[in-house]
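The structure appears below as structure tokens.
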Amino acid sequence: MSYFDSIPAPVFRYYRPDEVILGKPMKEHLPFAMAWWHNLGAAGTDMFGTATADKSFGAKPGTMEHARAKVDAGFEFMQKLGIRYFCFHDLDLVPEAEDLAVTNARLDEISEYILAKEKETGIRCLWGTANLFNNPRYMCGAGSSNSPEVFCFAAAQVKKALDLTVKFGGRGYVFWGGREGYETLLNTKMGLEQENIAKLMHLAVDYGRSIGFTGDFYIEPKPKEPMKHQYDFDAATAIGFLRQYGLDKDFKLNIEANHATLAGHTFQHELRVCRVNGMLGSIDANQGDLLLGWDTDEFPFDIYETTFAMYEVLKAGGLTGGFNFDAKNRRPSNTMADMVNAYALGMDSFALGLKKAATLIEDGRLDRFLEERYAGWTSGLGADIRSGKYSLSELAALAEKQGKPSSLPSGGQEELQRIVNEILFG
Ligand code: XLS
Ligand code: CA
Ligand code: CA
């Protein structure tokens with residue numbers, strides 16, 4: 001059975017998988033992935049309304065027949081779009097049963113079906129994760145729960161999700177701490193909770209390495225929603241946490257554009273923090289709406305954003321993961337054609353961003369400006385300060401002798417912005 005045959009082919013204006021940009025084909029710069037949960041699951045429900053789209057794929061939701069139909073539809077969709085990876089939560093794949101052993105048996109069954117599809121199509125897993133936020137047992141957290149029994153259940157889900165990720169040849173494994181935070185400090189032992197989250201991550205690393213997982217683990221920062229405060233607030237906080245608990249050799253970050261803006265940062269800022277710390281792993285490619293205070297998970301469309309994101313990715317030397325479209329159609333965009341159009345929009349937006357970012361780098365004016373702006377630190381006084389030649393008192397004495405700084409060169413922001421516009425729009 002075909003789900004997308006009758007839907008017109010996607011229209012790509014910029015995405016040419018084999019076009020070489022800075023010595024590498026676009027498809028290698030941009031390992032795109034389909035998010036199982038949104039694309040095959042999200043049907044337009046919100047807190048005021050029920051589903052607007054039909055994601056039954058001809059089967060009854062909540063059954064294994066439906067789980068298989070989603071696999072069929074998902075692989076057909078990825079082939080139609082030329083997408084080579086997918087991302088999943090354990091519970092995106094099968095309906096959860098009352099009994100963990102039954103859920104796991106269902107996962108074993110569906111994973112064989114997925115593996116066969118992978119072999120047939122060459123499509124692979126980008127990353128897997130465990131859904132540690134949906135079920136009521138996680139209402140007070142998973143790794144951070146006050147209940148050791150809940151921690152234990154979370155560990156079981158992580159173990160299974162790691163097994164599946166390895167089975168699917170996944171490049172990475174993600175922890176998104178949706179419930180790892182608090183509603184009020186009045187009932188919260190913050191130190192203990194954070195130590196326990198780190199414990200769960202260490203257990204995952206030990207287990208993952210023992211079953212041959214060689215990829216990166218990722219933390220996906222998000223400041224809030226669903227919790228009032230989430231411990232993995234932003235990239236800087238997550239990197240500090242990883243270093244504090246000795247997890248930074250096995251972990252990198254999965255940066256989501258919409259989470260960056262929820263944290264009060266630009267997407268580029270979060271990527272830059274990762275880049276300068278050598279911690280850029282993967283990207284959840286979406287965008288939010290700055291007029292709204294919540295997570296809207298829209299398909300990327302803003303070319304300034306994709307250009308600045310790709311600028312950071314190119315400067316970082318690429319990702320160990322890829323670009324997962326953690327994005328969903330707007331509620332009224334409720335047809336199968338809308339699903340195809342949405343991915344084509346997202347892929348094209350990143351392809352154009354890649355091309356423009358490469359041009360910015362090749363053009364060289366931004367880099368030259370930076371070099372000149374900081375030139376004082378490469379020789380003379382600047383180099384001596386950086387190499388530790390002076391104490392604070394010696395610098396104070398020097399300042400008295402030299403008098404006030406001789407020049408204050410312009411920061412040049414408007415000229416740099418003009419150059420960006422020139423490259424984007426000609
Ligand atoms: C939710 C997160 C989630 C993670 C995976 O806001 O983006 O979808 O990417 O658990
Ligand atoms: Ca999101
Ligand atoms: Ca995400």
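The values are calculated or read from the model by the stated rules, or taken from the named source; none is laboratory data. Since we're looking at a predicted model, the values are computed, not measured. Cβ: placed from backbone, ideal geometry, glycine included. Neighbour counts: every protein chain shown. With ligands, DNA and RNA removed, areas are computed over all heavy atoms of the protein, side chains included. Shrake-Rupley method; radii C 1.70, N 1.55, O 1.52, S 1.80 Å.
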**Request:** Could you list the GluC sites (Glu not before Pro) in segment 162-252 that lie in coil according to DSSP, counting only those with at most 16 other Cβ atoms within 10 Å of their Cβ?
**Result:** Glu183
**Asked** Cβ under 13 Å from Lys80's Cβ, Lys80 left aside: what net charge do those residues give with Lys, Arg +1 and Asp, Glu -1?
**Response** -2
**Asked** Picking from Leu30, Thr45, Gly62, whose Cα lies most toward the positive end of the charge dipole for the chain (charges on Cβ: Lys, Arg +1; Asp, Glu -1)?
**Response** Leu30
**Fill in**
Rounded to one decimal in nm, the spacing of the 7 Å Cα→Cβ label points at Arg373 and Phe301 is 3.1 nm
**Item:** Sulfur and carbon atoms: percent of accessible area, the chain [1.4 Å]
**Value:** 54 percent
**Request:** With unit charges on the beta carbon (Lys/Arg positive, Asp/Glu negative), name the residue among Tyr113, Thr103, Asn135 whose Cα is farthest towards the positive pole of the charge dipole of segment 87-148.
**Result:** Asn135
**Complete:** Expected max-MSF residue from Arg386, Arg275, Arg68 in the GNM of the chain (alpha carbon, under 10 Å) is Arg386
**Message:** Under 8 Å for C-alpha pairs, at least 6 residues apart: give me the relative contact order for segment 312-426, rounded to a whole percent.
**Reply:** 25 percent
**Complete:** Taking only the alpha-carbon positions of the chain as identical scatterers, the Debye log10 I(q)/I(0) at q = 0.07, 0.10, 0.11 Å⁻¹ comes out as -0.38, -0.74, -0.88
**Message:** Run lengths n ≥ 4 of DSSP H only: what is the helix-derived mean residue ellipticity at 222 nm for the chain, with -39500 (n - 2.57) per run over all residues, to the nearest 500?
**Reply:** -15000 deg cm²/dmol
**Prompt:** Along the charge dipole of the chain, Cβ charges K/R +1 and D/E -1, which of Pro10, Tyr85, Gln230 sits furthest on the positive end?
**Reply:** Tyr85
**Message:** Which of the three applies to segment 160-300, rounded, prolate or oblate, going by the alpha-carbon gyration tensor with a ≥ b ≥ c and a/c under 1.5 meaning rounded?
**Reply:** oblate
**Asked** Hey, which of these cross-link pairs are over 20 Å Cα-Cα: Lys328/Lys356; Lys160/Lys199; Lys189/Lys224; Lys27/Lys222; Lys60/Lys167?
**Response** Lys328/Lys356; Lys27/Lys222; Lys60/Lys167
**Straight-distance crosslink candidates among lysines, where the alpha carbon sits under 24 Å from Lys389 and sequence neighbours closer than 8 are dropped** = Lys401, Lys404
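Between Ala97 and Lys199, 0.36 nm times their residue separation minus their Cα-Cα distance comes to what?
So the chain would gain 34.0 nm between Ala97 and Lys199.
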**Message:** Taking a ≥ b ≥ c as the square roots of the Cα gyration tensor eigenvalues, with a/c under 1.5 meaning rounded and otherwise prolate when a/b beats b/c, else oblate, which class fits segment 85-211?
**Reply:** prolate
**Message:** Given Cβ point charges of +1 (Lys, Arg) and -1 (Asp, Glu) and nothing else, what value in debye, to the nearest 20, does the dipole of segment 271-413 about its Cα centre take?
**Reply:** 480 debye
**Prompt:** Stokes-Einstein D for segment 249-408 at 4 °C, 1.567 mPa s, Kirkwood Rh over Cα pairs, in µm²/s?
**Reply:** 70 µm²/s
**Fill in**
Quick calc, segment 232-335, dipole around Cα centre from Cβ unit charges on Lys, Arg (+) and Asp, Glu (-), nearest 20 debye, gives 260 debye
**Request:** Kindly report the accessible area of the chain per residue (heavy atoms of protein chains, probe 1.4 Å, no ligands, DNA or RNA), in Å².
**Result:** 48 Å²
**Message:** I need to check one value: relative contact order of segment 99-198, counting alpha carbon pairs closer than 8 Å and at least 6 residues apart, in percent.
**Reply:** 34 percent
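Using unit Cβ charges (K, R positive; D, E negative) and no other charged atoms, how large, in debye to the nearest 20, is the dipole of the chain about its Cα centre?
Charge dipole, the chain, about its Cα centre: 640 debye, nearest 20.
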**Complete:** Check: C-alpha center segment 228-272 vs C-alpha center segment 375-390, spacing in Å is 32 Å
